[in-house]
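The block underneath contains the structure these notes are about, expressed in structure tokens.
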Amino acid sequence: MSILDQPVLAAPGGPAGPRAPRGDFDGGDRPAPSPRAIARFGVWLMLGTMSMMFIGFTSSYMVRRIGADWRPIPLPGILWVNTLVLLASSVALELARRSLSAWNLPGAQRWLGLTGVLGLLFAAGQMAAWRTLAGLGVFLASDPHSSFFYMLTGVHLVHLAGGLAWFAVTYTRLRRLAYAPGDDGLGLFAVYWHFVGGLWAYLLLLLYVL
């Protein structure tokens, strides 16, 4: 008789057979994280990565601006309009969240739609600001300040475009009633959108005030 055919002997005080897998210290399995928790972690991880990138840009900017070839560039007036537009988009988004929490689906759709429209207006305003500077003879390679301006505002616009893509998905899901009334289904999108708005205010201060 081979060793595989031999009977399993019972341990003293317990039945014979294979041992059950051990759980955690509390004797049970830990519940798997919910999809919402995973999504929230992913969003905050992404925002942390973006923050570190712009911190690096800020360090380079502060070092470069003390160079002898640094020349300030004019501030296009439309940038103040763009700032107000982006601020208004955040306000509209918060009104959309409140409407959804209050079971007002038409209001949530209306305010969320306005958020996207204002975001598109901000993007158009940024391009208008670039055209204004180009008309004044200020281009990407004109001097260090203009190089940082085009780079920082361009990278910000890329992140805004990502927010607009997320908006399109969110608005479509809201129209299809994928978000339950009374639940904050717009919360994660709001975190990203408000971050992009706050980032723009920081860049404007960095480029023209600090």
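The values are calculated or read from the model by the stated rules, or taken from the named source; none is laboratory data. Note that this is a predicted model, so its numbers are computed, not measured. When we count neighbours, we look across all protein chains shown, and the Cβ atoms used for this are built from the backbone with ideal geometry, even at glycine. The area values use the complete protein model at the heavy-atom level, side chains included, leaving out ligands, DNA and RNA. Shrake-Rupley method; radii C 1.70, N 1.55, O 1.52, S 1.80 Å.
Shape call for region 41-102 from the C-alpha gyration tensor, a ≥ b ≥ c root eigenvalues: rounded (a/c under 1.5), prolate (a/b greater than b/c) or oblate?
oblate
Per residue of region 189-194, in order, report the coupling 6.51 cos²θ - 1.76 cosθ + 1.60 (Karplus, θ = phi - 60°) as ³J(HN,Hα) in whole Hz, putting x for Gly and Pro.
Each residue of region 189-194 in turn: 4, 5, 4, 5, 5, 5 Hz.
In terms of the ratio Rg/(2.2 N^0.38 Å) built on C-alpha atoms, what value belongs to the chain?
Compared with the compact-globule rule of thumb, the chain sits at 1.61.
Using the charge dipole of the chain (Lys, Arg: +1 at Cβ; Asp, Glu: -1 at Cβ; taken about the Cα centre), state which of GLY113, TRP103, LEU205 has its Cα farthest towards the positive end.
Value computed over the given set: GLY113.
Per residue, how much accessible area does the chain have with a 1.4 Å probe, in Å²?
Computed with neighbouring chains in place, this is 60 Å² per residue.
Please compute the Kirkwood hydrodynamic radius over region 136-210, one decimal place, Å, based on all pairs of different Cα atoms.
One decimal place: 14.5 Å for the Kirkwood radius.
Would region 64-159 count as rounded, prolate or oblate if I go by the C-alpha gyration tensor, calling it rounded below 1.5 in a/c and otherwise prolate when a/b exceeds b/c, oblate otherwise?
Prolate, since a/c reaches 1.5 and a/b exceeds b/c.
Estimate the FRET efficiency between VAL117 and SER34 by the formula 1/(1 + (r/R0)^6), using the beta-carbon distance for r and 41 Å for R0, to the nearest 0.05.
Approximately 0.80, to the nearest 0.05.
What is the sum of charges around GLN109, taking Lys and Arg as +1, Asp and Glu as -1, for the other residues whose C-beta is under 12 Å from the C-beta of GLN109?
Residues near GLN109 contribute +4 overall.
Using 1/(1 + (r/R0)^6) with R0 = 30 angstrom and r between the beta carbons of ILE55 and THR172, what's the FRET efficiency to the nearest 0.05?
With a Förster radius of 30 Å, E is 0.30.
For region 115-174, count all C-alpha to C-alpha pairs, find those more than 15 Å apart, and express that count as a whole percent of the total.
Looking at region 115-174, the distances longer than 15 Å represent 55 percent of pairs.
Just want to confirm a number: the relative contact order over the chain, from Cα pairs under 8 angstrom separated by 6+ residues, in percent.
Once normalised by length, the contact order is 24 percent.
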